[in-house]
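Below: one structure in structure tokens.
Derivation of every value follows stated rules applied to the coordinates shown; laboratory data play no part. A quick note: this is a predicted structure, and the numbers were derived from the prediction, not measured. Methodologically, a virtual Cβ is constructed for each residue, glycine included, from the backbone with ideal geometry; neighbour enumeration extends over all protein chains shown.
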Amino acid sequence: KFKFKTNVSKGTYIRSLIRDIGNYLNVPATMLELKRTKQGNFLLEDCNTLNDKNFKLLKIEDVINLPIIEINDKNLEKKVLNGAIIDNIYNKDIISFKLNNTIIAIYKIYEKDKTKLKPYKMFTNN
């Protein structure tokens, strides 16, 4: 039995890492416990439980790590609010749109035409 701490990149499979360590040592290996101390921008010490009374809801822009485009054009506003496919003038694979200080949509690259963006997630205040 042993413990270790590792700093890994997105897409790392800890169970596979443990299997590979076991194979290298020529012994069967399995994981008994996994404790994530960080996920993206979030640290374990900053987290609350559901029983905590002091938690706060985060704004979506505090959670997603995407470029934010503020909509100042009525034509773009209409297109995004209606979930239209738009030209990718931003040269990004994924972006979020903000209107009146609120994230209203996340758009991602349109696979059928890489020069376009299509709605990925739409948000509403209703």
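Using unit Cβ charges (K, R positive; D, E negative) and no other charged atoms, how large, in debye to the nearest 20, is the dipole of the chain about its Cα centre?
Working: 23 positive and 14 negative charges, 70 e Å.
So the dipole magnitude of the chain works out to roughly 340 debye.
Starting from the 7 Å offset along Cα-to-Cβ, what nm value, one decimal, do you get for the label separation of GLU111 and ASN23?
3.0 nm
Next question. Between THR6 and ASP46, what is the label-point separation in nm under the 7 Å Cα-to-beta-carbon projection?
According to this spin-label approximation, the distance is 2.5 nm.
Per 0.36 nm of contour for each residue apart, how much would the distance between LYS121 and THR37 grow if the chain were fully extended, relative to their Cα-Cα spacing? Write down the numbers at each step before the final one.
Values: separation 84, 0.36 × 84 = 30.24 nm, distance 2.81 nm.
Extra length available between LYS121 and THR37 comes to 27.4 nm.
Return the Rg/Rh ratio of the stretch 1-98 with Cα-based radii and a Kirkwood Rh. It would help to have the intermediate numbers written out before the result.
On the way: Rg = 21.4 Å, Rh = 18.3 Å.
A ratio of 1.17.
Restricting to Cα pairs below 8 Å that are 6+ residues apart, what does the relative contact order work out to for the chain? Please round to a whole percent. Please report the intermediate quantities before stating the final value.
Values: 125 pairs, mean separation 18.5, N = 126.
The value is 15 percent.
Continuing with this model, one more query. Put a dot 7 Å past each Cα toward the Cβ at ILE68 and ALA84; how far apart are the dots in nm?
2.5 nm
Oh, and also: Near LYS56, which lysines are there with a Cα under 25 Å away, not counting those fewer than 8 places off in the same chain?
LYS35, LYS38, LYS98, LYS121
Next up: Loop sites only, by DSSP: take the GluC sites (Glu not before Pro) in the chain that have at most 15 other C-beta atoms within 10 Å and name the longest stretch containing none of them. Don't skip to the answer; put the middle values down first.
Working: sites that count: GLU33, GLU111.
Counting only loop sites that pass the neighbour cut-off, the longest clear stretch is 34-110.
Related question: Work out from phi, with θ = phi - 60° and the Karplus expression 6.51 cos²θ - 1.76 cosθ + 1.60, the ³J(HN,Hα) of each residue of the stretch 79-94, listed in order in whole Hz, and give x for Gly and Pro.
Here the 3J(HN,Hα) series is 4, 5, 4, 9, x, 6, 6, 10, 5, 8, 6, 8, 6, 10, 7, 8 Hz.
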